[in-house]
Amino acid sequence: MNKEFCSYYQAYVNREQSWFVVAALKGYDHLSLDRTLDVATSLFEFFVPPAQEELFLQVIARLQEKNLIRDLQKLPNRLIKNAKV
């Protein structure tokens, strides 16, 4: 069985405006699942379906221009090691 997994990103979100970042991403159907990974540093993780990755990066670029997100990194999906493929 071949499963397609989400792309995985991490970034720091401006703490005072994190509500806006979350709302902006939720404004697009099935764009990403976001979660706070570390409350103290405001580090978020984003799970992005492959079909939505281009749009996700466009939205993130706009948020970066407004200094709402910094240090975006694409990393290996941390959940794949536990998945049965």
Review point. If each of residue 36 and residue 4 carries a label point 7 Å out from its Cα toward its Cβ, how far apart are those two points in nm?
Key: 3.3 nm
Point to revise | Zone of residue 64's modelled label, taken as backbone nitrogen in segment 6-20 under 20 Å from a point 7 Å along Cα→Cβ | key: 7-20
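Just how large is the dipole of segment 14-78 about the Cα centre, in debye to the nearest 20, putting +1 at every Lys and Arg Cβ and -1 at every Asp and Glu Cβ?
100 debye
Rounded to the nearest 0.05, what FRET efficiency is calculated for residue 57 and residue 81 with R0 set to 25 Å and r the Cβ-Cβ distance?
0.55
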Exercise for review: Enter the Cα centre distance for the pair segment 3-25 and segment 43-85, rounded to the nearest angstrom.
Suggested key: 7 Å
Check your understanding: In whole Å, what three semi-axes, largest first, describe the equivalent ellipsoid of the chain built from its Cα gyration tensor (square root of 5 times each eigenvalue)?
Key -> 23, 15, 10
Point to revise | Label-point separation in nm, residue 72 to residue 14, each point 7 Å along Cα→Cβ | key: 1.6 nm
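Every read-out reported here was derived from the displayed coordinates using simple, explicitly stated rules and does not represent laboratory data. As the structure is a prediction and not an experimental result, all values here were calculated from the model. In this analysis, Cβ positions are derived from the backbone assuming ideal geometry, glycine residues included, and neighbour counts consider all displayed protein chains.
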